[in-house]
Structures are given as C-alpha cells and as structure tokens.
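Engineer: Have a look at this one.
The values are calculated or read from the model by the stated rules, or taken from the named source; none is laboratory data. What you see is a predicted model; the values in this text were computed from it and never measured. Ideal geometry is used to build each Cβ from the backbone, glycine not excepted, and the neighbour counts take in all protein chains shown. Remember, those area values only see protein heavy atoms, side chains included, never the ligands or the DNA or RNA. Shrake-Rupley method; radii C 1.70, N 1.55, O 1.52, S 1.80 Å.
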Amino acid sequence: MTAWRCIAIVLLAAAPGAVPAQGEWPSKPIRMIIPFTSGSASDVTGRIVALRLAEIYHQQIVADNRPGAGGLIGSELTRQAAPDGYTVAMVGQPHLSNALLRVDKPYDPLKDYAAIAPVANTPNIIVLGKGVDVKTIPELIALAKAKPGALNYGSAGIGSSSHLAGAMFASKAGIDVVHVPFRQGGDSRTALVTGTIQYYIYPLPAIATAVKSGLIRALAVTSTRRAPALPDVPTSAEAGFPQYVSVSWFGLIGPRGMPRQIIARLNADTMRVLKEPATVQKFEQQGAEPAYGSPEDFAKLQRDEYAELGALIVKIGMKAQ
C-alpha cells in the first residue's frame, strides 16, 4: 500500500453478519485513483462518496492521488489496472481532453474504460490574483487587451478542465494571455496570492474554501445561476459577460472488462449515496451538485462530451502536444 503513496479513507468494523462471504465482492479494500492533488474538485467529491461507500461495504476505500500531466497519469494507471472491481477512478473532462490533446494518444477514453456512474456537476469560478483590481469580467478583458501577452492564467495542467475553461474564455473574450500550468493545487493558490498569475478558472469545489475565507477573491461563477456555496458571487452574466458559461462534471470509471454485476452494484450504491440528504448537503457546501444516472447514461455523456470537446479544441485553436 505504501507504494501507492495513498491515504486510507476509512476502515469500519463490519457489523455482525455483515462481513462479505469468501469470494463475494468486495472482500478487500478498493482503490480509488484520483488524477489530481488533494483538495482538487475530483478529490473533494471523490472522498465524500468514498467515505459512505466504505461504510456500506465495510471495506477501505483507498484514495490514491496521482496528479500529473493534466490527469493523464491517473487515467493511464486506471487503464492498466486489473478489471476486478478493486480499482476505480474519479475522473472529469481531462480524462477525455487528454486523449484529444496528445499527438500520440495514450488511450481511448471511450473504449479502454468501463463507465460506472456520474457523480457530480460543478460550476467553474473565475478567481483573481493579487493586484488585479477589477470588478467585472469586461474590466478583466479590457485589462488583458491593454497589455497583450502580459496577463497569466493558471491551470492544473495541459488538457485539464481549468486549461480548457481558460482557453475557451480567452477565445470568447478575444484576448492574448499566457497559460501557466501547475502540478500542485497549493502552488496555483500561492501564485494567485502573490500575484504571479492574474486569474484562474477553477472547478468550484477546488477553491470554495479559499474564497469563503477571503484568501482569494472571486469574480464570477461561470454557470447560469449562482452557486449555493457562494451566494454572494455573481454569475458570468451578472458580471457582464453572459456569453461565457463553463461547467465541470465528475464520475467513476474502471478499466475495460470489469464484471457487469460489479459495475451495476457500484452504480446502485453510488446513486444511493448521492441521494442521501447528508451527501447533498456536503456537496452543496463545496459547490457541487449530485449527478444521477446509469452506467449507460454516463457512457453516453462521455461520448457526447468527447465529440463536443473535439470540436471546441479545434475552434479555439488549442494545439496537440
């Protein structure tokens, strides 16, 4: 387990008569690969679900943070895992975009994996770096146009959802800005606080706590309605730029070939967890909403998103690496 560099979410003693029979799934800990750092949106939502699934299964759900390459490393580790139901991953849009942004595609996100369950939808949020004294999105755009190539925006890596959100914003705004990828979430927050980067478009759960504490200033959420977690932060439309709407999604996948009965059970139990009031409340506090659906629904979402992202990447001129 130490080789995983992982953190055990929880290990609960099974109630009398609740210990799985020999050979029954799950009879040992389950590994949940999270392709980004602790505190990322996939990490926050993944751990909330993992805690309850661990209680239901009376087994550890081991959160294995594997950041790097905009999520590619975690996706690749998932692809290589045994399809026995003991390795799953909490992924988002980068799982798809990484395959679109690499000349040598590392994997096929639709064929090499088993779709298990959608988990969460989250708005993105534009936050500002130190010294960026703007109150509206048009003011930020005007600042960027006054200083072409001088403003930096951050992301969690090439192909990450924050990279896509930032590139789409730059395209819609018609501005020339510099993309600065970060491997660690803490590094990007430090860069904002010190003014090294001027803005960052995060999935809300990754930065909600820092915004609530006043450490980082939010400009707008990029959804069509305000986020209950930050009710005082305006939408992009209210902040003067209605043409920019950007949201993120997260869900569970496994390696191709997972037994259908395990996929069905994981999906059913995940849906059960997502419908519990305590989970809804925890998600809302972090700026996320539960996403419901079958494995087939989640597979379709990924197929549709893959086609849309491919068209978007071409439209905004993002280059394959």
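Engineer: For the stretch 174-224, give me the residue count where each residue is open to solvent by less than 10 Å² (accessible area, probe 1.4 Å) and among the small types (Gly, Ala, Ser).
Structural biologist: 4
Engineer: Turning to a different aspect of this structure: Quick one: would you say Lys315 is loosely packed, with under 12 Cβ neighbours inside 10 Å and closer than 28 Å to Pro26 by Cα?
Structural biologist: Here the answer is no, as Lys315 does not meet what is asked.
Engineer: Still on this structure: For the structure I just gave you, tell me whether Ser246 is surrounded by fewer than 21 Cβ atoms within 10 Å (Cβ to Cβ), of a type in the set (Gly, Ala, Ser) and farther than 15 Å from Phe298 by Cα.
Structural biologist: No; evaluated as a whole, the condition is false for this residue.
Engineer: A follow-up question, please. Looking only at the stretch 279-314, which residues are assigned to a helix (DSSP H, G or I) and either farther than 25 Å from Lys111 by Cβ or in contact with a strand residue (DSSP E or B) (Cβ under 6 Å, 6 or more places away or on another chain) (or both)?
Structural biologist: Residues satisfying the conditions are Thr279, Val280, Gln281, Lys282, Phe283, Glu284, Gln285, Gln286, Pro295, Phe298, Ala299.
Engineer: A further question on this structure: Quick check on my filter: what residues within the stretch 50-90 are closer than 20 Å to Pro29 by Cβ, of a type in the set (A, V, I, L, M, F, W, C) and within 14 Å of the chain's Cα centre (by Cα)?
Structural biologist: Correct list: Ala89, Met90.
Engineer: Going through Ala311, Ala307, Ala264, Ala291 one at a time, which residue ends up being at pLDDT 95 or above and over 11 Å from Ala115 (Cα atoms)?
Structural biologist: Checking each option against the conditions leaves just Ala291.
So that you can scan it fast, the table gives a plain yes or no per residue for (1) touching a Phe, Trp or Tyr at 6+ places or on another chain (Cβ under 6 Å); (2) modelled with pLDDT under 95:
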{"site": "Ile30", "(1), (2)": "yes, no"}
{"site": "Arg52", "(1), (2)": "no, no"}
{"site": "Glu55", "(1), (2)": "no, no"}
{"site": "Asp64", "(1), (2)": "yes, no"}
{"site": "Gly68", "(1), (2)": "no, yes"}
{"site": "Leu77", "(1), (2)": "no, no"}
{"site": "Pro83", "(1), (2)": "no, no"}
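Engineer: If I filter the stretch 124-137 for residues that are open to solvent by 20 Å² or more (accessible area, probe 1.4 Å), under 26 Å from Ala69 (Cβ atoms) and not β-branched (Val, Ile, Thr), do I get at least one hit?
Structural biologist: no
Engineer: Looking only at strands (runs of 3 or more DSSP E) that lie completely in the stretch 71-166, which have at least 3 residues being over 30 Å from Gly257 (Cα atoms) and in contact (Cβ under 8 Å) with a residue 40 or more places away in the chain?
Structural biologist: 113-128, 152-155
Engineer: Sort out which residues of the stretch 216-256 are out of contact with any helix residue (DSSP H, G or I) (no Cβ under 7 Å at 6 or more places or on another chain), assigned to a loop (DSSP other than H, G, I, E, B) and of a type outside the set (Val, Ile, Thr), and write them in order of number.
Structural biologist: Ser223, Arg225, Arg226, Pro231, Asp232, Pro234, Ala237, Glu238, Pro242, Arg256
Engineer: Select, from Asn98, Asn65, the only residue that is of a type in the set (S, T, N, Q) and open to solvent by less than 10 Å² (accessible area, probe 1.4 Å).
Structural biologist: After applying the criteria, what remains is Asn98.
Engineer: Moving on to the next point. Among the residues that make up the stretch 204-211, is at least one of them under 21 Å from Asp43 (Cβ atoms), among the polar types (S, T, N, Q) and more than 19 Å from the chain's Cα centre (by Cα)?
Structural biologist: no
Engineer: Within the stretch 193-215, how many residues turn out to be of a type in the set (Ser, Thr, Tyr) and part of a loop (DSSP other than H, G, I, E, B)?
Structural biologist: Number satisfying all stated conditions: 1.
Engineer: Here's another thing I want to ask about it. Of all the residues that make up the stretch 35-61, how many are closer than 18 Å to Asn267 by Cα, aliphatic (A, V, I, L, M) and open to solvent by less than 10 Å² (accessible area, probe 1.4 Å)?
Structural biologist: So the count comes out to 5.
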